[in-house]
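Q: So that we are looking at the same thing, I have put the structure below in structure tokens.
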Amino acid sequence: MSDPIRIQFVCLGNICRSPLAKVVFRDKVEEAGLQEHFKIASSGTGSWHIGDTADDRMRETAQRNDLSLEEHRASQFEAADLERFDHIFVMDKSNLNDVLHLDEDDEYGGKVRLFREFDPEPDDYQVPDPYHGGRKGFERVYDIVERTSDMLLHRLVDEYDLEEHVRNPSK
Ligand code: 4NP
């Protein structure tokens, strides 16, 4: 089998949006029986929360949707990740700037994209930061991440010719 496709989701703190994107996308990959074809990670551009568990409100949101963030521990995005990963999907434009800032020789910009480019209803192409808001904001992030992950997986299955490996192509 060919090398797995290495994907990293990036937000600011790595305790809310990108950890959720990782488990939602991974769930879809597993549902499609494609787990051997992907390596999926997440990180934050900031260092404040390194080693922390996911935010309680996001853990509850995940649980309500039959997913678990209990294993998550936050980590920080580093310049070497630009080389290590094939695709880096950032949650907002500030994350995009911060990640591109680490690409000192402008080598890897083609790998870095706003996650919501794949959202059928992209609004301003950013996943809103729910950290300082209420519970509704977390549910909204879940809805965005859920439908965007669906579309993203379809696009990657196309791009990497994985259709023949999909367990249930009608899903
Ligand atoms: P995240 O949310 O980037 O989705 O993990 C945030 C988490 C923490 C902070 C900001 C956003 N913070 O300022 O500590």
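The values are calculated or read from the model by the stated rules, or taken from the named source; none is laboratory data. Owing to the predicted nature of the structure, the values given are computational and were not obtained by experimental measurement. Every residue, glycine among them, receives a Cβ derived from its backbone with ideal geometry; neighbour counts consider all protein chains shown. Just so you know, the surface numbers come from the protein's heavy atoms only, side chains and all, with ligands and any DNA or RNA stripped out. Shrake-Rupley method; radii C 1.70, N 1.55, O 1.52, S 1.80 Å.
Q: Run the reach check for Lys39 against lysines, Cα to Cα strictly under 18 Å, same-chain hits fewer than 8 apart removed. What comes back?
A: Within reach: Lys22, Lys28, Lys111.
Q: Which listed residue (Gly13, Phe85, Ala62) has the Cα farthest towards the positive end of the charge dipole for the chain, taking +1 on Lys and Arg C-beta and -1 on Asp and Glu C-beta about the Cα centre?
A: Highest projection toward the positive end goes to Ala62.
Q: Answer rounded, prolate or oblate for region 1-99, using the Cα gyration tensor with square roots of eigenvalues a ≥ b ≥ c: rounded when a/c is under 1.5, else prolate when a/b is larger than b/c, else oblate. Don't skip to the end; give the middle numbers.
A: Details: a/c = 1.95, a/b = 1.04, b/c = 1.87.
Taking the square roots of the gyration eigenvalues as a ≥ b ≥ c, region 1-99 is oblate.
Q: Still on this structure, please answer the following. Which whole-number percent is the relative contact order of region 5-165 (Cα, under 8 Å, 6+ apart)?
A: Working: 277 pairs, mean separation 41.9, N = 161.
It comes to 26 percent, rounded to a whole number.
Q: Here is a further query. From the Cα gyration tensor of region 1-51, with a ≥ b ≥ c the square roots of its eigenvalues, which class applies: rounded if a/c is under 1.5, or else prolate if a/b is larger than b/c, or else oblate?
A: It is prolate, given that a/c is not under 1.5 and a/b is the larger ratio.
Q: Next up: Which of rounded, prolate, oblate describes region 5-165, given a ≥ b ≥ c as roots of the alpha-carbon gyration tensor eigenvalues and a/c under 1.5 marking rounded, otherwise prolate only if a/b is larger than b/c?
A: Since a/c stays below 1.5, the shape of region 5-165 is classed as rounded.
Q: If you don't mind, another one. Could you give the size of the charge dipole of the chain about its Cα centre, using +1 on the Cβ of each K and R and -1 on the Cβ of each D and E, expressed in debye and rounded to the nearest 20?
A: Here the chain has a charge dipole of around 620 debye.
Q: Now a separate question. State in Å² the accessible area per residue of region 5-165; use a 1.4 Å probe, count heavy atoms of protein chains only, and round to the nearest integer. Don't jump to the answer; show the numbers that get you there.
A: Working: 8120 Å² over 161 residues.
Value for region 5-165: 50 Å² per residue.
Q: Could I ask something else about it? Amide H neighbours of Ala41 under 5 Å, counting only residues 5+ apart in sequence or on other chains, H built in-plane at 1.01 Å?
A: Excluding prolines and chain starts, which carry no amide H, the hits are Ile7, Gln8, Phe9.
Q: In whole percent, how big is the carbon plus sulfur part of the accessible area of the chain, probe 1.4 Å, protein atoms only?
A: The computed percentage sits at 43.
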